[in-house]
Amino acid sequence: MGRGSYKVSHMSDLIDDPMPGSNTPEFSVGEIAGAVKKLVEGELGWVRVRGEVGRVVLARSGHLYFDLKDERNVLSCMTWKGQVPGLGIMPEEGMEVVAEGRMTASGFQSKFSLNAQQVAVAGEGALMALLEKRKKALTAEGVFDPARKRPIPYLPDIIGVVTSPQGAVIRDILHRLRDRFPRKVLIWPVAVQGEKCAPEVTRAIEGFNALTPGGALPRPDLLIVARGGGSVEDLWGFNEESVVRAAAASDIPLISAVGHETDTTLIDLAADQRAPTPTAAAEMSVPVRLDLLAWLDGQEARLSAALTGGIKTRRQRVTDLSRALPRADALLDTPRQRLDIWADRLPNALIRGVERRRMHLSERSGALRPSLLRRGVEADRRRLDNAARGLNLDALKRDLARKSKDLDDILARMTKAATRQTERWSDRLSGLERLRQTVGYEATLQRGYAVIRGDGEVVTTQAAAKKASQLEVQFADGRLQIGGAGAKPKPQKSASKPAPDQGSLF
């Protein structure tokens, strides 16, 4: 007999009273269920089962139930809530997997099943099929939509790196950043393969996003998820749905640098930028500092050249415009002539005006009669006397005295106001006179300069001086006439005598 039948035969010891007339042992339902459970768990124990995943149910309690099947048989599998995180991968319908666990039997439904504690995809072909299926599902949801990708910051202050703290990847990234443009780096150590890879990478991405900008541990401006090359199985943690969704939902721009250039994972499609290698990710993160310094030097040179050229152009333009402007003396010639003409006409105009008014007065006075004037004056005097009798002279005197006092006060205030106004005008005229003397050329002569005139015109060149028949040099204290060749200079007082002091107008 086999080993199983041997164990079952020993259960006859549990039967006290078999049926009369029969030597077949009798069992209770619980005894049969217990015997089967002992048989299955004792004979099979820990097993590895390969098959295609059928029905998959994740109960509200957190327990996982699924079926493994082949061409003719179906094996029920269950994984308790506490065992689900350690499965490795989550089984999906149609996936070919290898499940490891302990066989058990349940008398409640007369069923045996596998308590699956580890699940792995059976073969690379099955992994690729699963990868393609997951990729299509996430694409349909818009997880890989290019419109939701964010631009990589040009020069981030802080860079967060999600990778293993051991190995060449983190050293290559830090070395490349130090060569190009040193930045602050925060490292979140994770497992980069195995069953712990996916949950740790997911927590790292979500943890970096949960940091407060400007806090005690500042939030990075850029994330790099990096790992070296490997097989499909080694890189499978970066194909897990939790990792892909965390990368797509990251508010911080993310660069994926998983594997070599030929390796493609789903996090590469969800990231904002894919780098062929971890070193290339560091190069994408920051510009070359020396190139920026050279560019700034070039921009500074261009700016200086542009400013210099602009100043030269404007100086030349001002010079050209100044040539078209008339001289200051020429601007005053016409007003000076007009003033002379009106000055000549003014005395005659005053005389004619006085004569015209005298004639008008004579005409008016000739029409008056002395007798009529006397009668009018007498009538007005009588009318005035009659009006004076009806007036209160004392009240008029008091009113007149009050108004006289008011008039004196007003006159005093007006006098003070007129005096202050006159003083202000006088100060203003004095200031204008000082300004006129300052901007005049006579003030320049006080500093040792001289004005040379030839034949009545100002001489500014040597050639004009040679052509002049007579030169006149004006100094601060007078003018000096210079005759022909060999003539000795003769001092001469200034031709224009200063006008006598007329005093202040005020």
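The numbers here are math on the coordinates, done by the rules we state, and not lab data. Everything numeric in this text was worked out from a predicted model, so none of it was measured. As a convention, Cβ positions derive from the backbone with ideal geometry for all residues, glycine included, and neighbour counts pool all protein chains shown.
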From the Cα centre of the stretch 317-368 to that of the stretch 404-459, the distance in Å is 24
Expected vector for the stretch 67-73, Karplus 3J(HN,Hα) from phi with 6.51, -1.76, 1.60 and θ = phi - 60°, integer Hz, x for Gly and Pro, equals 10, 10, 9, 10, 5, 10, 10
Calculated from DSSP helices alone, with each H run of at least 4 adding -39500 (n - 2.57) and the total divided by the residues of the chain, [θ]222 nm to the nearest 500 comes to -16000 deg cm²/dmol
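Could you sort 213-222, 171-180, 196-205, 251-260 so that the peptide with the highest average Cβ count within 10 Å comes first and the rest follow in order?
Numbers: 213-222: 14.0, 171-180: 16.8, 196-205: 20.8, 251-260: 22.3.
Ranking, from highest mean packing down: 251-260, 196-205, 171-180, 213-222.
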Binned at 5 Å from zero, the C-alpha pair distances of the stretch 294-435 give percents of 2, 6, 4, 5, 5, 6, 8, 10, 9, 7, 6, 6, 5, 4, 3, 3, 3, 3, 2, 2, 1, 1, 0
Here the relative contact order (percent) of the stretch 46-130, from C-alpha pairs under 8 Å and at least 6 apart, is 30
Toy charge model, Lys and Arg Cβ at +1, Asp and Glu Cβ at -1: the chain dipole around Cα centroid in debye, rounded to 20, equals 6800
Rounded to a whole number, the Stokes-Einstein D of the stretch 408-480 in µm²/s (Kirkwood radius over Cα pairs; 10 °C; 1.306 mPa s) is 100
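Once you keep just the Cα pairs under 8 angstrom separated by 6 or more residues, what percentage relative contact order results for the stretch 141-189?
Values: 32 pairs, mean separation 23.3, N = 49.
The value is 48 percent.
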log10 I(q)/I(0) for the stretch 198-325, Debye formula on C-alpha points only (no solvent), q = 0.19 Å⁻¹, two decimals, reads -1.01
As a percent rounded to 5, the proportion of antiparallel DSSP bridges among beta bridges in the chain is 65
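Over the stretch 444-484, what is the relative contact order in percent, taking alpha-carbon pairs closer than 8 angstrom and at least six residues apart? Could you put the intermediate results ahead of the total?
Numbers: 57 pairs, mean separation 15.3, N = 41.
Relative contact order here is 37 percent.
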Over its alpha-carbon atoms, the stretch 224-293 yields an Rg and a Dmax in Å of 12.9, 45
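Treat the chain as a sphere of radius equal to its Kirkwood radius over Cα pairs and apply Stokes-Einstein at 10 °C in a medium of 1.306 mPa s; give the translational diffusion coefficient in µm²/s, rounded to a whole number.
42
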